[in-house]
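The values are calculated or read from the model by the stated rules, or taken from the named source; none is laboratory data. Just so it is clear, the structure is predicted and the values come from calculations on it, not from any experiment. Cβ sites come from the backbone with ideal geometry, for glycine too, and all protein chains shown count toward neighbours. Surface accessibility is based on the protein's heavy atoms, side chains included, excluding ligands, DNA and RNA. Shrake-Rupley method; radii C 1.70, N 1.55, O 1.52, S 1.80 Å.
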Amino acid sequence: MGIYSEYLDKGLNFQKLSDERKKQLKRIAQLRDSDVLVYAADLTAANAPISIDLSDVLPFKDQIAQCKSKSVDIIIETPGGFAEVVEDLIDLLRVKFEKVAVIIPGIAKSAGTIFAMGTDEILMGKTAALGPIDAQIASNNKRFSAEAFLEGLEKIKSEVIERGKLNPAYIPILQNISPGEIQHCENAQSFSKSLVTKWLSTYKFKNWETHKSTGKKVTDEEKVKRAEDIANILCKHSEWLTHGKSIKIADLRAMKLEIKDYTEDSNLEDAINRYYTLLRMTFESTNIYKVFETHSSQIFRFSGTNIPPLQNMPGKGGEPDKAMIDYNCPTCQARYKIQANLKKNVPLEQGAIAYPKNNTFKCTRCGTLNNLTPLRLQIEAQARKKIIL
């Protein structure tokens, strides 16, 4: 029986899913002799901000504070995002830890790949994938590769030099391009390459002392050159043709980048696969779209809801007696106000619906059943008291 089928047969509720995830994180930490921090997004979540963005810095920093050892493993699952934010996250890790490793059980594309290059060690499974880091530019309601854009301009330039005139078909295209856009593309590409080059030569190659083929000492210049070569390949749109290309272990090793295949350690493989399966099941059964967690703490982001700070809703004695949840059904976007009482005998506000006793809210418009357990956990953690059902 597969791991997924095994857990499905157990019929785990949200709390048991969480407990089992924590159990596997502890197991990974023991096998790796390192703290483990998860930074993961639900890649299938529709209309949710799953990319790496500035709002991730605070919860990421908060979970780093839960880690006590000198080394940390980051389990990451992401479609990508802002390279500038990745730089901030790596800087946070480098300030605290002597060794940083990344574990990729699924996908870490684009800026997620840049993140991986900022670590000392990269662990991947056989089906795991990184992706090209060619910067993606949004302009005139279109999204395109900066490198492909610049290559296209260079092709037009070469044709003009060769023929001595401009093909009229290019005129409307060039009229919609500003010098600022060209510079923006060049800057975006340079930023991604410079980050990867700096991090690989500084961190990933720091223990690369001799050439395997000759036994000769590796110089700092050679480390930088190898890092530049890898950065150039990862940035080269013409190499991968699509930004969504999956780059596997074999591809990375062909670039002369050392990757640890964690499936060669059966115990570690089992622990990581179990955690990843439980993570996916958590996403599938809740409205959570981002997870920041260690074995002893967690911060969730979930879609379709808004919980005001409880200190802005004081009850008697200055303590909150209820939490009001602005809830949007993720299926039909119907809006509701749900009241979760934190004390007994709190009257229901006009227009509000009482928090459901079974943690499952049924949308009256489309009939969708929505699990509110993650909301309950967030409210109870913030209020430091249980919801009265």
Taking the condition in contact with a Gly (Cβ under 9 Å, 6 or more places away or on another chain), crowded, with 18+ Cβ neighbours inside 10 Å and within 28 Å of HIS243 (Cβ to Cβ), does ASP42 pass?
no
Take the residues in segment 257-278 that are open to solvent by less than 60 Å² (accessible area, probe 1.4 Å) and not in a helix (DSSP H, G or I); name whichever of them is farthest from TYR7 (Cα to Cα).
LEU257
Residue check, LEU31 against (1) open to solvent by less than 60 Å² (accessible area, probe 1.4 Å); (2) touching a helix residue (DSSP H, G or I) at 6+ places or on another chain (Cβ under 6 Å); (3) not hydroxyl-bearing (Ser, Thr, Tyr), all met but one. Which one?
(1)
Output the residues belonging to segment 64-118 that are of a type in the set (A, V, I, L, M), touching a Lys or Arg at 6+ places or on another chain (Cβ under 8 Å) and closer than 25 Å to CYS235 by Cβ.
LEU92, VAL100, ALA101, MET117
Write out, first by first residue and then by second, each pair whose Cβ atoms fall under 6 Å of each other, whose residues are 6+ apart or on separate chains, and whose first residue, in segment 333-356, is farther than 22 Å from ARG384 by Cα while the second is open to solvent by 70 Å² or more (accessible area, probe 1.4 Å) and not in a loop (DSSP other than H, G, I, E, B).
GLY351/LYS337; ALA352/LYS337
For segment 205-224, pairs from a residue that is farther than 23 Å from VAL100 by Cα to a residue that is open to solvent by less than 70 Å² (accessible area, probe 1.4 Å) and at pLDDT below 90, with Cβ under 7 Å and 6 or more apart or across chains, are HIS211/VAL218
Please work out which residue is surrounded by the most Cβ atoms within 10 Å (Cβ to Cβ), limiting yourself to segment 120-155 and to residues that are modelled with pLDDT of 70 or more and among the β-branched types (Val, Ile, Thr).
ILE133
Might you check whether a residue that is on the phi > 0 side of the Ramachandran plot and of a type outside the set (D, E, K, R) occurs anywhere in segment 11-18?
yes
Any idea how many residues of segment 52-71 are in contact (Cβ under 8 Å) with a residue 60 or more places away in the chain and open to solvent by 20 Å² or more (accessible area, probe 1.4 Å)?
2
Here the residues within segment 239-256 that are open to solvent by 50 Å² or more (accessible area, probe 1.4 Å) and part of a helix (DSSP H, G or I) are GLU239, ALA250, ASP251, ARG253, ALA254
If you take the residues in segment 1-28 that are outside any helix (DSSP H, G or I) and touching a residue at least 12 places away in the same chain (Cβ under 8 Å), which one is least open to solvent (accessible area, probe 1.4 Å)?
LEU12
